[in-house]
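Computed from the coordinates by the stated procedures, all read-outs in this text should not be read as laboratory data. Predicted model only: the values in this text are computed from it and were never measured. FYI the Cβ positions are ideal-geometry reconstructions off the backbone, even for glycines, and counts take in every protein chain you see.
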């Protein structure tokens, strides 16, 4: 359990922060950038949940994903140890499997796409698109970190599936894709847009 009795500690005033294993690193360290971006994605999922309304059937799914994202952050916050690669809270395959099931369940109601989708439509869809792009950024940051340090391989898989799920959900939140606005290649070059 986490207990936060003091919000400020002054230990980061020098531009450093503590990792879960006690190591101190610069606040712009690749590891901190990665879990900070995961935190940003989580905040956007909060906006998706608000836009959907309290009674939407996806509230439970999104809350589980928000909890998972804290697990992702915890996984990133504690470097893998050569002595004990299982130390710390680590993302598990079952969490990835849950995302894949949600993708399949929600994609079954969508017509196949013939073009890319422009982010927008409903507020929930737009927020899901923002969350998706932030998750993609986190994924890129985890790839970069993985070039420097050993990571739990499920981290990258989880983020990849989550961005896929958020794309599917963004279409679901656009009335199962009927409100999607499709990309028209070169439309502005043709003088159609005024």
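A quick yes/no check of all residues on (1) farther than 15 Å from residue 34 by Cα; (2) buried (at least 16 other Cβ atoms within 10 Å of the Cβ):
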| site | (1), (2) |
| --- | --- |
| 60 | yes, no |
| 75 | no, yes |
| 78 | no, yes |
| 97 | yes, no |
| 108 | yes, no |
| 112 | yes, no |
| 117 | yes, yes |
| 128 | yes, yes |
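Figure legend. Inter-residue proximity from region 106-123: first residues on the phi > 0 side of the Ramachandran plot and in contact (Cβ under 8 Å) with a residue 40 or more places away in the chain, second residues surrounded by 11 or more Cβ atoms within 10 Å (Cβ to Cβ) and part of a loop (DSSP other than H, G, I, E, B), beta-carbon distance below 9 Å, spacing 6+ or different chains. Indicated pairs: 120/174; 120/179; 120/180; 121/173; 121/174; 121/175; 121/179; 121/180.
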